[in-house]
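Take a look at the structure below.
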Amino acid sequence: MMKSVFIGCGAYLPQRKVSNDELAAKVDTSDDWIVARTGISSRHIAADGEMTSDLAHAAAVTALSSAGMAASELDLIVLATATPDQTFPATATKVQARLGVPGIPAFDVQAVCSGFIYALAVADNFIKAAQARNVLVIGAETFSRILDWEDRTTCVLFGDGAGAVVLRAEDEVAGTGRRSDSRGIMSTHLHADGRHHDMLYVDGGPSSTGTAGVIQMRGKEVFRHAVSNLAAVVTEALEANDLAPGDINWLVPHQANQRIIDHTARKLKMPREKVVLTVAEHGNTSAASVPLALNAAVSDGRIKQGDVILMEAMGGGFTWGSVLARW
Ligand code: COA
């Protein structure tokens, strides 16, 4: 049996950083309100003409470099985004062209804020099925393009960015079981419940309005569902691996709201020091949020080889899921 081992990660944030005060000059909000309700202080916003594929490509280049792998060694690219450059082709194919690796499969996964978790699960299953050996998995978004900048209930929450990882197929060491010390993805769990599609959505699209649309959200309901779905999915991941909360070295959560993250951490009885937090500086970057957080903690040396990390996310659909791995 093959196992998917993380061999590198990278990230890219657009240069322009927008503070809460800057937003408060445009809409009726305040730094105090945004920080108290969400934990967000600032977010990065893509420049005019800077597209999701540009962010994704930059993150991919740093991930490949940290993995010490040439793009020519890749045999699959999976890109999670809800803000593709165009309706089609898949943004993954544009990244592929820029990396100069024609011929290998490249496609997008759309699960909004859970996109990176979904993409990792897809990549892991390609590896386990021996259909790919070296996989580039990217989460990249330009949510600034689908925000109503006059709607204070949504425009303060989101940001742009991209993160990427490189997975390599390695032989599972025989007979070591789930508590194995071997590195790699230990489990993936995915869920969706489309009955709630109208709680968090974009009011446009090619087959409805023919426009891109902007985000609409019933914030309180989303909050309530996020808290219960994420508590359930982290419990599910622990039980499936016969692990206790104390076995997890790092929680790498989707960065939507500090209060949602605190709730999941309490459920896991994890102290704040073991939770990777980037929500204050990045806001909610949707599919990019987990790989951006992962990259932050790997590059500053907090996440070390052999650490057990639990990644989770929840997004529009609703979709939610987890990936448990030994780094
Ligand atoms: N600045 C100032 N006031 C704001 C505001 C803003 N940016 N946005 C909303 N308000 C106001 C509301 O209009 C409301 O005013 P009212 O009481 O006069 O009607 C008041 O603040 C409270 O709004 P409410 O929506 O009840 O606040 P909340 O405590 O639920 O916080 C969210 C709002 C959006 C921060 C919170 O619901 C949330 O985080 N939800 C989940 C969002 C999320 O994570 N989405 C992505 C999931 S992937």
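Each value in this text was obtained by applying a stated rule to the coordinates, not by laboratory testing. Since this is a predicted model, take the numbers as computed values, not measurements. Glycine also receives a Cβ, built like all others from the backbone with ideal geometry; neighbour counts cover every protein chain displayed.
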*Among Val95, Leu64, Gly316, flag the residue with its Cα farthest along the positive direction of the charge dipole of the chain, charges on Cβ as +1 for Lys/Arg and -1 for Asp/Glu.*
Leu64
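Take the alpha-carbon positions of region 1-124, form their convex hull, and give its projected area averaged over all directions (one quarter of the hull surface) in nm².
Details: hull surface 39.1 nm².
Its Cα hull, projected and averaged over all orientations, spans 9.8 nm².
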*Compute the projected area of the convex hull of the Cα atoms of region 205-327, averaged over all viewing directions, and report it in nm² to one decimal place.*
8.5 nm²
*By what distance, in whole Å, do the Cα atoms of region 75-153 stretch along each of the three principal axes, largest value first?*
48, 24, 16
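Which of the peptides 226-234, 79-87, 270-278, 52-60 is most tightly packed, and how do the rest follow, going by the mean number of other Cβ atoms within 10 Å of each residue?
Values: 226-234: 20.1, 79-87: 22.9, 270-278: 16.4, 52-60: 27.6.
Going from most to least packed, we get 52-60, 79-87, 226-234, 270-278.
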*Could you name the lysines whose alpha carbon sits less than 22 Å from that of Lys26, not counting residues in the same chain fewer than 8 places away?*
Lys17
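If you keep only loop residues by DSSP, which trypsin sites (Lys or Arg not before Pro) in region 110-179 have at most 10 other Cβ atoms within 10 Å of their Cβ? Each step should come with its number before you reach the end.
Numbers: sites: Lys128, Arg133, Arg145, Arg152, Arg168, Arg178, Arg179; in loops: Arg133, Arg178, Arg179.
Listed in order of number, the matching sites are Arg179.
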*Search the structure for amide H atoms under 5 Å from the amide H of Asp307, placed 1.01 Å from N in the peptide plane, and list their residues when 5 or more places away or on another chain.*
Trp327
_Through the Karplus equation 6.51 cos²θ - 1.76 cosθ + 1.60, θ set to phi - 60°, convert the phi angles of region 57-69 into ³J(HN,Hα) values in whole Hz; use x for Gly and Pro._
4, 4, 5, 4, 4, 5, 5, 5, 5, 5, 7, x, 10
*Inter-centroid distance (Cα atoms) of region 85-127 relative to region 230-302, Å*: 23 Å
_Restricting to DSSP H runs of at least four residues, report the calculated mean residue ellipticity at 222 nm for the chain, -39500 (n - 2.57) per run over all residues, nearest 500 deg cm²/dmol._
-9500 deg cm²/dmol
*Quick one: which residues, 5+ away or cross-chain, put their amide H under 5 Å from the amide H of Gly204? H built at 1.01 Å from N.*
Val214
_Residue among Val275, Asn20, Leu76 farthest towards the positive dipole end of the chain, charges placed on Cβ_ = Val275
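Would you mind working out the magnitude of the charge dipole of region 2-171 relative to its Cα centre, with +1 at each Lys and Arg C-beta and -1 at each Asp and Glu C-beta, to the nearest 20 Debye? Write down the numbers at each step before the final one.
Details: 13 positive and 20 negative charges, 96 e Å.
Charge dipole, region 2-171, about its Cα centre: 460 debye, nearest 20.
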_Integer Hz, Karplus 6.51/-1.76/1.60 couplings in order for region 102-119, x for Gly and Pro_ = x, x, 7, x, 8, 8, 9, 10, 10, 9, 6, 5, 8, x, 5, 5, 4, 5
*Residues with amide H under 5 Å from that of Ser187, placed H, sequence gap 5 or more*: Leu324
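Using only the Cα atoms of the chain, construct the convex hull and provide its projected area averaged over every direction, in square nanometres to one decimal.
On the way: hull surface 62.0 nm².
One quarter of the hull surface, i.e. the mean projection, equals 15.5 nm².
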*When the Cα centres of region 181-209 and region 1-62 are compared, how far apart do they sit, in Å?*
20 Å
